[in-house]
1. Quick check on my filter: what residues within the stretch 71-88 are away from the ligand (no atom under 14 Å from the Cβ) and under 29 Å from D115 (Cβ atoms)?
2. Here is a list: S58, S68, S62. Which entry is within 16 Å of the ligand (Cβ to nearest atom), polar (S, T, N, Q) and under 17 Å from the mean Cα position of the chain (by Cα)?
3. Mind checking which residues of the stretch 309-343 are within 18 Å of H49 (Cα to Cα) and away from the ligand (no atom under 16 Å from the Cβ)?
4. Would you please name the residue that is most open to solvent (accessible area, probe 1.4 Å), looking only at residues in the stretch 28-76 that are of a type in the set (D, E) and at pLDDT below 95?
5. Give me the residue from the stretch 399-416 that is farther than 13 Å from A31 by Cβ and hydrophobic (A, V, I, L, M, F, W, C) and, out of that set, surrounded by the fewest Cβ atoms within 10 Å (Cβ to Cβ).
6. Of (1) part of a loop (DSSP other than H, G, I, E, B); (2) open to solvent by 50 Å² or more (accessible area, probe 1.4 Å); (3) away from the ligand (no atom under 16 Å from the Cβ); (4) not β-branched (V, I, T), S111 satisfies all except one. Which?
Amino acid sequence: MAWSRRSFLLAAGAAASLPVRANGRAEELLADVVGHTLKPRPAGGLDIHHIATGRGDSTLISGPDGSSLMIDAGASYTASPPALALRPSTDRRPGEWIGRYARRRLNEVGSSELDVFLVTHQHPDHLGDVGPETPQAPGGAYRLTGVTDVDAIVPIRRLIDRGYPDYAAPVHSTAPFQANYEAFVRARHAAGRADERFRAGALNQLRRDGAAAFADFSIRNLAVNGEVWTGQGETARATFPSIAGLVAQDVPEENVWSAAFRLSYGDFDYFAAGDLTSSTFDGALPWRDVETAAARASGPVEVAVTPHHGMFDATGADMARALAPRTWIVPAWHAVHPSLSTLDRLFNPRLYPGPRDVFATGLDPATAAASPWLMDRLASRAGHVVVRVAPGGQSYRVVVTDNADEGDRVTAIFGPFVSAHSSWDAARPRQPQPAAASH
Ligand SMILES: [Zn+2]
């Protein structure tokens with residue numbers, strides 16, 4: 001954590017004593033410069049790219065071991081406005097822009113494939129919508145959108161989602177985008193490609209197969225399908241009641257089944273949870289708040305993504321307290337992202353002490369105009385948000401790049417922030433706390 005005075009001083013010290021690399025160049029010489037192209041990931045560094053197309057979520061993680069993990073490839077076809085304009089332009093589909101972004105990063109490590117792809121849940125702004133204009137893939141088994149567009153550009157070695165192989169829970173959806181995704185999975189299966197279901201509690205299911213190096217780089221699966229990691233080994237507990245016993249209106253919808261995970265590299269921790277929500281319908285259905293349970297299973301982190309795009313029903317107070325991040329990232333693609341209530345909470349110093357920065361991957365002009373007293377406090381409101389963790393994980397920067405074209409031009413740099421956990425943080429248990437406290 002990097003928000004105490006002590007941590008600030010540590011950050012200042014870190015900036016003054018950047019390690020000298022084997023080739024004799026100080027790391028500072030390799031650091032990004034505003035107006036220049038984003039530098040390649042340094043050896044042993046960890047990059048987390050929040051790709052801003054204005055059409056849904058997509059995150060690319062370039063691990064210190066050279067591995068690649070993509071989470072989601074949204075391609076919402078909601079009209080603009082209220083959705084944001086497609087970036088860089090309407091010349092290509094959102095999934096094509098995402099695939100090309102990934103290809104630029106993979107080229108830097110001499111790879112042409114994504115090691116792992118996680119679909120957090122099955123909504124268009126996370127896996128790709130289907131409309132009359134959506135083209136067929138070569139062979140015609142499915143259409144090209146979102147994740148399938150990405151796979152056509154940078155083939156996905158191992159695909160992980162919350163529903164494989166039957167996609168039956170809570171009910172088998174027949175929505176066109178869902179049917180298209182399942183057709184894609186069937187085609188992969190027929191071709192002998194690897195698909196798996198995300199397992200709550202699993203350690204390193206999301207890491208590249210056979211990756212033995214960088215033991216201090218790990219990814220813990222926190223929650224999926226209403227199951228949450230217990231903190232004991234790889235076990236998980238169910239938080240949902242029997243779905244069969246619920247009246248139809250209480251059956252949780254797709255967002256609440258989202259996959260959540262914590263990535264750790266040395267002292268650096270990162271939390272992401274798809275579209276999990278904290279809403280209990282004002283206390284009526286307390287078990288629906290999987291978001292807080294996942295955050296408590298995680299414990300404090302340096303960087304957190306606001307679940308459900310920072311909407312009013314997510315990033316609850318207890319969840320924010322449990323994570324207490326220095327850096328929040330809002331993956332926005334609609335005029336309701338982020339909601340005023342959520343943004344007000346992110347800035348609330350009474351939830352946890354210390355400064356914090358909030359980065360949005362986009363902001364509708366009307367949203368900015370309606371609430372300048374909050375929106376003007378955003379650290380950035382346009383462009384890809386890249387978290388660049390130094391080799392070993394001791395510190396990180398946040399680099400914003402222009403999404404008006406594919407030049408990856410740096411527009412702003414924040415940090416370095418030190419990942420060392422503060423005394424306040426050290427006093428808190430890193431183990432999960434009982435989720436029942438808020439239920
Ligand atoms: Zn979403």
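The values are calculated or read from the model by the stated rules, or taken from the named source; none is laboratory data. Small disclaimer: the values here were computed from a predicted structure and weren't measured. Here Cβ is always computed from backbone atoms with ideal geometry, including for glycine, and neighbour counts include all displayed protein chains. The accessibility values were calculated without ligands, DNA or RNA, using every heavy atom of the protein model including side chains. Shrake-Rupley method; radii C 1.70, N 1.55, O 1.52, S 1.80 Å.
1. L86, R87, P88
2. Testing whether each residue is within 16 Å of the ligand (Cβ to nearest atom), polar (S, T, N, Q) and under 17 Å from the mean Cα position of the chain (by Cα) leaves just S58.
3. P325, R326, T327, W328, listed by residue number.
4. E28
5. Only one residue fits best here, namely A404.
6. (2)
To keep it simple, each residue is scored yes or no on (1) part of a strand (DSSP E or B); (2) modelled with pLDDT of 95 or more; (3) open to solvent by less than 10 Å² (accessible area, probe 1.4 Å).
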| position | (1), (2), (3) |
| --- | --- |
| E291 | no, yes, yes |
| A294 | no, yes, yes |
| H309 | no, yes, yes |
| D313 | no, yes, no |
| D318 | no, yes, no |
| A322 | no, yes, yes |
| P325 | no, yes, yes |
| W328 | yes, yes, yes |
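The rows are residues; the columns are (1) β-branched (V, I, T); (2) under 14 Å from T277 (Cβ atoms); (3) over 15 Å from the mean Cα position of the chain (by Cα).
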| position | (1), (2), (3) |
| --- | --- |
| E302 | no, no, no |
| F312 | no, yes, yes |
| D318 | no, yes, yes |
| P325 | no, no, no |
| L343 | no, no, yes |
| F347 | no, no, yes |
| T361 | yes, no, no |
